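Chemist: This is the structure, below, for whatever I ask next.
The values are calculated or read from the model by the stated rules, or taken from the named source; none is laboratory data. This one's a predicted model, so the numbers in the text were calculated from it and none came from an experiment. Don't worry about glycine lacking a Cβ; one is built from the backbone with ideal geometry, like all the others, and counts go over all protein chains shown. Ligands, DNA and RNA are stripped out before the accessible areas are found, and what is left, the full protein with its side chains, is counted by its heavy atoms. Shrake-Rupley method; radii C 1.70, N 1.55, O 1.52, S 1.80 Å.
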Amino acid sequence: MRLCLLAALLSVSATAAAGQTHVVEGLPDSKVKVVIYEDLACSDCAIFSQMLDEKILPVYGGKVAFLHKDFPLAKHPWARKAAIAGRFFLATSSSLAVEYRRAVMREQERIGPGGFDGWLGRFAQEHGADPARALASLDDPKLAAAVEDDYQEGVARGIAHTPTVFVNGRPFIETIPYKDLAGAIDKELARR
């Protein structure tokens, strides 16, 4: 698993210096795009995230672009805050943004409904970021607007559940079997 995580981290392509506003893993210029609308407090998204890290990225990370977009659902009280903090970490470091998203997904149960701010401060401190700046980012209107833009784009695409994943436009919703997603990626790679 450590090897998979290392390979995935090495395949991260989002760079704050290049002005990207989303985490992109894999091959950013690939003609095959997997767009992932996710809610960082969603248990189905956590399951998908684990599959992405352990199975999808090790096989397809060198061939496909995986673009993460935020779709925080109202039923998850801390999801929007988590998405905003993700934008803060992306502006700080693309690799830290990836680690942040993975950590949030792994630790959803530990974070719980009222524990996000404390968790965020600890995460920032443990990863060499300023905890006060990370917490202040939750009130940054530009970061909030970027999250809202993703959300509204998702609504316009008809998204109501997370994760919703598009492989070159073909949707997969909520519970996504590995073989179905891998088959769609293989089909798109063969077409290119």
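Chemist: Within segment 140-149, which residues are in a helix (DSSP H, G or I) and open to solvent by 10 Å² or more (accessible area, probe 1.4 Å)? Outline the logic, then answer.
Modeler: Just the residues of segment 140-149 that are in a helix (DSSP H, G or I), to begin with: 141-149.
Listed by number, the residues that qualify are PRO141, LYS142, LEU143, ALA144, ALA145, ALA146, GLU148, ASP149.
Chemist: Name the single residue that is farthest from the chain's Cα centre (by Cα) among those in segment 122-133 being of a type in the set (A, V, I, L, M, F, W, C) and part of a helix (DSSP H, G or I).
Modeler: Taking segment 122-133 first, the residues of a type in the set (A, V, I, L, M, F, W, C) are 123-124, 129, 132.
Applying the additional criterion that residues be part of a helix (DSSP H, G or I) yields 123-124, 132.
Working: PHE123: 16, ALA124: 17, ALA132: 23 Å.
Taking the candidates together, the pick is ALA132.
Chemist: For segment 161-173, what are the residues that are in a loop (DSSP other than H, G, I, E, B) and at pLDDT 95 or above? Spell out how you get there, then give the answer.
Modeler: The first filter runs over segment 161-173 and keeps only residues in a loop (DSSP other than H, G, I, E, B), leaving 161-163, 168-169.
Hits for segment 161-173 are HIS161, THR162, PRO163.
Chemist: Same structure again: If a residue must be in contact with a helix residue (DSSP H, G or I) (Cβ under 8 Å, 6 or more places away or on another chain) and over 16 Å from ASP150 (Cα atoms), how many such residues does segment 53-96 contain? Give the steps one after another, and end with the answer.
Modeler: Going residue by residue through segment 53-96, those that are in contact with a helix residue (DSSP H, G or I) (Cβ under 8 Å, 6 or more places away or on another chain) are 53-61, 63-64, 66, 68-73, 78, 80-96.
Next, from what is left, pick out any that are over 16 Å from ASP150 (Cα atoms): 53-61, 63-64, 78, 89, 91-96.
The number of residues fulfilling the criteria is 19.
Chemist: Separate question: Scan segment 68-87 for residues that are out of contact with any Phe, Trp or Tyr (no Cβ under 6 Å at 6 or more places or on another chain) and either under 11 Å from GLU25 (Cα atoms) or open to solvent by 30 Å² or more (accessible area, probe 1.4 Å) (or both) and report the count.
Modeler: 6
Chemist: Okay, next question. Among the candidates VAL165, VAL155, which residue alone is touching a strand residue (DSSP E or B) at 6+ places or on another chain (Cβ under 7 Å) and over 15 Å from ARG87 (Cα atoms)?
Modeler: Numbers: VAL155 fails: touching a strand residue (DSSP E or B) at 6+ places or on another chain (Cβ under 7 Å).
The match here is VAL165.
Chemist: Follow-up question, since we're still on this one. Does ALA136 meet the test of being hydrophobic (A, V, I, L, M, F, W, C) and under 18 Å from the mean Cα position of the chain (by Cα)? So that I can check it myself, show each step before the final result.
Modeler: Working: hydrophobic (A, V, I, L, M, F, W, C): yes; under 18 Å from the mean Cα position of the chain (by Cα): no.
No.
Here's the yes/no breakdown for (1) at pLDDT 95 or above; (2) open to solvent by less than 50 Å² (accessible area, probe 1.4 Å):
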| site | (1), (2) |
| --- | --- |
| GLY114 | no, no |
| PRO131 | yes, yes |
| LEU138 | yes, yes |
| TYR151 | yes, no |
| ILE159 | yes, yes |
| TYR178 | yes, no |
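Chemist: Also, quick follow-up: Can you find even one residue in segment 52-67 that is outside any helix (DSSP H, G or I), basic (Lys, Arg), open to solvent by less than 30 Å² (accessible area, probe 1.4 Å) and on the phi < 0 side of the Ramachandran plot? Before you say what the answer is, go through the steps one by one.
Modeler: Taking segment 52-67 first, the residues outside any helix (DSSP H, G or I) are 61-67.
Then keep just the ones that are basic (Lys, Arg); that gives 63.
Then drop every residue that is not open to solvent by less than 30 Å² (accessible area, probe 1.4 Å), which leaves none.
No, segment 52-67 contains no residue that is outside any helix (DSSP H, G or I), basic (Lys, Arg), open to solvent by less than 30 Å² (accessible area, probe 1.4 Å) and on the phi < 0 side of the Ramachandran plot.
Chemist: Let me ask something additional. In the set LEU189, LEU181, which member is out of contact with any strand residue (DSSP E or B) (no Cβ under 9 Å at 6 or more places or on another chain), touching a residue at least 24 places away in the same chain (Cβ under 8 Å) and either among the hydrophobic types (A, V, I, L, M, F, W, C) or part of a loop (DSSP other than H, G, I, E, B) (or both)?
Modeler: Details: LEU181 fails: out of contact with any strand residue (DSSP E or B) (no Cβ under 9 Å at 6 or more places or on another chain).
When all the criteria are applied, what remains is LEU189.
Chemist: Return the total of residues in segment 116-129 being open to solvent by 20 Å² or more (accessible area, probe 1.4 Å) and either of a type in the set (Phe, Trp, Tyr) or more than 14 Å from ARG80 (Cα to Cα) (or both). Quick ask: steps written out before the conclusion?
Modeler: At the first step, the residues of segment 116-129 found to be open to solvent by 20 Å² or more (accessible area, probe 1.4 Å) are 117-118, 122, 125-128.
Filter again for either of a type in the set (Phe, Trp, Tyr) or more than 14 Å from ARG80 (Cα to Cα) (or both), leaving 118, 122, 125-128.
Residues in segment 116-129 being open to solvent by 20 Å² or more (accessible area, probe 1.4 Å) and either of a type in the set (Phe, Trp, Tyr) or more than 14 Å from ARG80 (Cα to Cα) (or both): 6 in total.
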